[in-house]
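Student: Can you read through this structure? Questions will come right after.
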Amino acid sequence: MAKTRVGIFGAGYIASVHADILANDGRVELVDVADMVASNATRLANQIGDAQVGSELEDLFRMDVDTVYITTPNTTHVAPVVSCLERGLNVFCEKPMATDAAGGERIREAALASRGVYNLGMNRRYAYTHDKLKTLIDSGDLEAHSAQLKLNRGELLNPPWTADPNKTGGFLYETTIHQIDLLQYLFGPVATLRCAARSAISASEFDDFSMLFTFESGTVATLSSSAHSGWSFPFERVEIYGRYATATTEELERIRYALDLEQVVKTEDYTHIPFAEKGGYAEENRLFINALQNGDKPPVDVNEASTLNLLLASIYESARDNREIDFTARRRETIG
Ligand SMILES: NC(=O)c1ccc[n+]([C@@H]2O[C@H](COP(=O)([O-])OP(=O)(O)OC[C@H]3O[C@@H](n4cnc5c(N)ncnc54)[C@H](O)[C@@H]3O)[C@@H](O)[C@H]2O)c1
C-alpha cells in the first residue's frame with residue numbers, strides 16, 4: 001500500500017501535535033508544511049524531519065499531496081477545506097467544521113461530491129476518560145438515564161484573540177464544542193434543546209451558558225459552560241447517572257464509576273499516560289489513516305460533523321430567541 005502523502009496547512013500549536021503523531025506512523029509521508037508565517041512553517045518542518053516548506057495552500061497542491069490537515073484558526077477553515085475537496089483530496093480539519101450553518105453546508109456539499117474523505121478532528125471522543133464511558137454505555141453496563149456535563153474556561157484573556165468572536169466564531173465554537181460533540185457521541189441523536197445564555201463579562205458575545213437536551217434514546221442531559229470561571233480543577237467533567245450507577249470524569253485525568261449500590265467505586269487514573277494518547281489525538285489520527293488506507297469509515301465523517309455544526313448554530317439560536325428547538329425535525333430537514 002502506498003504511503004498517505006500529507007500536507008499541513010497552518011503550522012501552529014495543534015499542527016505540531018498531529019505532526020508528531022503522523023511522523024511516527026509508518027503509513028504516512030509528511031510531504032509539506034504551509035503557513036502564512038514563514039518561521040512557523042520552517043519550525044514545524046524542522047520538528048518532523050525533511051518536509052518541504054510553503055506559505056499557501058497551492059504550495060501543498062504543487063507537492064502532489066493526497067491528504068491535507070487544515071489547522072488554521074477557527075474562522076478560516078471553510079475555504080481551504082472546500083478547495084481541497086474540489087481537487088479530490090482527503091481532509092482532516094481541526095474543530096470547528098465552520099462557525100455558522102452555511103459554512104458547514106458548503107463543506108458537506110463539497111464532500112458529498114468529492115472522491116476525497118472528509119474528517120473533523122474531535123479528539124475528546126477518544127480521550128481515555130470518554131472512551132471508558134463509551135465502553136460502559138455500549139456494553140450495557142451503564143444505561144445513561146441522565147447526565148450533567150460542564151466545560152469551563154479559566155478566562156478569555158490569554159491569548160487575546162480568544163475574546164474575539166470574529167476569530168473564534170464564539171465561545172461554543174472555540175471551547176464547548178468538545179462537550180457538545182460528546183453528548184451525541186455518548187447518548188445518540190438530540191431530540192430537543194434549549195439554551196439560556198448571558199454576557200456576564202464579555203462585551204461582544206455570550207460567555208455563560210446553561211443548556212438542556214433531550215435525546216431520542218430517552219436520556220436527558222444538562223450542559224453548563226462558562227468562559228471566565230478560573231482554572232480550578234476540574235474545569236471539564238461528564239457525570240452520568242444510571243440504574244443505581246454513576247460515572248464521573250475529572251478532566252482527561254481520571255474516571256470514577258460504580259455500577260451497583262453495593263459495588264466498590266472503581267477509579268482509573270491516566271495521569272502518567274502521555275498527553276497525545278490520553279487526550280485522544282493519537283487514536284483520532286490512527287482511525288483517520290485507517291480510513292484512508294483500508295476504506296474504513298473516518299472517525300467523524302461529514303454527516304456527523306454537519307450535525308454537530310447544526311447543533312451549535314441551533315444552541316446559539318435558542319439562546320438568542322429564548323425558545324426550545326425541535327432538533328430531530330431540523331436535522332431531518334437539513335441533513336436527512
Ligand atoms: N482539538 C484540540 O484540542 C485543539 C486544540 C487547539 C487548537 N485546536 C484548533 O486548531 C486550530 C488551530 O489552533 P492553534 O491553537 O494551533 O492555533 P495557532 O495560532 O497556534 O496556529 C495557527 C497557525 O495557522 C497559521 N495561519 C493563520 N491563518 C492562516 C492562513 N490564512 N494561511 C496559512 N496559515 C495561516 C498561523 O500563522 C499559525 O501558525 C483552531 O481551529 C483550533 O480551534 C484544536
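Derivation of every value follows stated rules applied to the coordinates shown; laboratory data play no part. What you see is a predicted model; the values in this text were computed from it and never measured. Heads up, the Cβs are rebuilt from the backbone with ideal geometry, glycines too, and the neighbour counts pull from every protein chain shown.
Student: Based on DSSP loop calls and a cut-off of at most 16 other Cβ atoms within 10 Å, the longest stretch of the chain free of exposed GluC sites (Glu not before Pro) is what? Working shown, then result.
Tutor: Numbers: sites that count: E56, E143, E155, E216, E251, E262, E324.
In the chain, the maximal stretch lacking such sites is 57-142.
Student: I've got another one for you. Lys/Arg Cβ at +1, Asp/Glu Cβ at -1, dipole of region 141-296 taken about the Cα centre: which of Y270, G242, S224 is farthest positive-ward?
Tutor: Among Y270, G242, S224, the one farthest towards the positive end of the dipole of region 141-296 is S224.
Student: Also: With a length cut of 27 Å (Cα positions projected on each helix's long axis) and a Kyte-Doolittle mean of at least 0.0, go through the chain and give me the DSSP H helices that pass. Intermediate results must be reported in sequence, preceding the final value.
Tutor: Working: long enough: 302-321 (28 Å, 0.15).
Sorted by number, the helices that extend far enough and score high enough are 302-321.
Student: Note down, for the chain, the three equivalent ellipsoid semi-axes (square root of 5 times each alpha carbon gyration tensor eigenvalue), biggest first, whole angstrom.
Tutor: 32, 23, 20
Student: Here's a follow-up. Order by neighbour count: H145, H18, fewest other Cβ atoms within 10 Å first, most last. Before the final figure, lay out each step's value.
Tutor: Working: H145 15, H18 25.
Ordered from fewest to most neighbouring Cβ atoms within 10 Å, H145, H18 come out as H145, H18.
Student: With every atom except the alpha carbons ignored, what do you get for Rg and Dmax of region 73-130, in angstroms?
Tutor: For region 73-130, the Cα radius of gyration and maximum Cα-Cα distance read 11.9, 37 Å.
Student: Mean 1/r over all different Cα pairs, inverted: what Kirkwood radius does region 236-336 give, in Å?
Tutor: One over the average 1/r among Cα pairs gives 17.2 Å for region 236-336.
Student: Using Cβ counts within 10 Å as a stand-in for footprinting exposure, how do R198, R330 rank, fewest first?
Tutor: R198, R330
Student: What percent of all Cα-Cα pairs in region 124-256 falls in each 10 Å bin, counting up from 0?
Tutor: 12, 43, 32, 12, 1
Student: Pick from P274, P73, P165 the residue whose mean-square fluctuation is largest in a GNM of the chain, springs joining Cα atoms under 10 Å.
Tutor: P274
Student: Can you give the relative contact order of the chain as a percent, counting alpha carbon pairs under 8 Å and 6+ residues apart?
Tutor: Relative contact order for the chain comes out at 18 percent.
Student: With the convex hull built on the Cα atoms of region 2-66, state its orientation-averaged projected area in nm².
Tutor: Values: hull surface 14.9 nm².
For region 2-66, averaging the hull's shadow over all directions gives 3.7 nm².
Student: Additional query: How long is region 4-116 along each principal axis, judged by its Cα atoms, biggest number first, in Å?
Tutor: Taking the Cα atoms of region 4-116, the three principal extents are 38, 25, 23 Å.
Student: Please enumerate, by chain and number, the lysines with C-alpha under 21 Å from the C-alpha of K150, excluding those fewer than 8 residues away in the same chain.
Tutor: Within reach: K95, K132, K134, K278.
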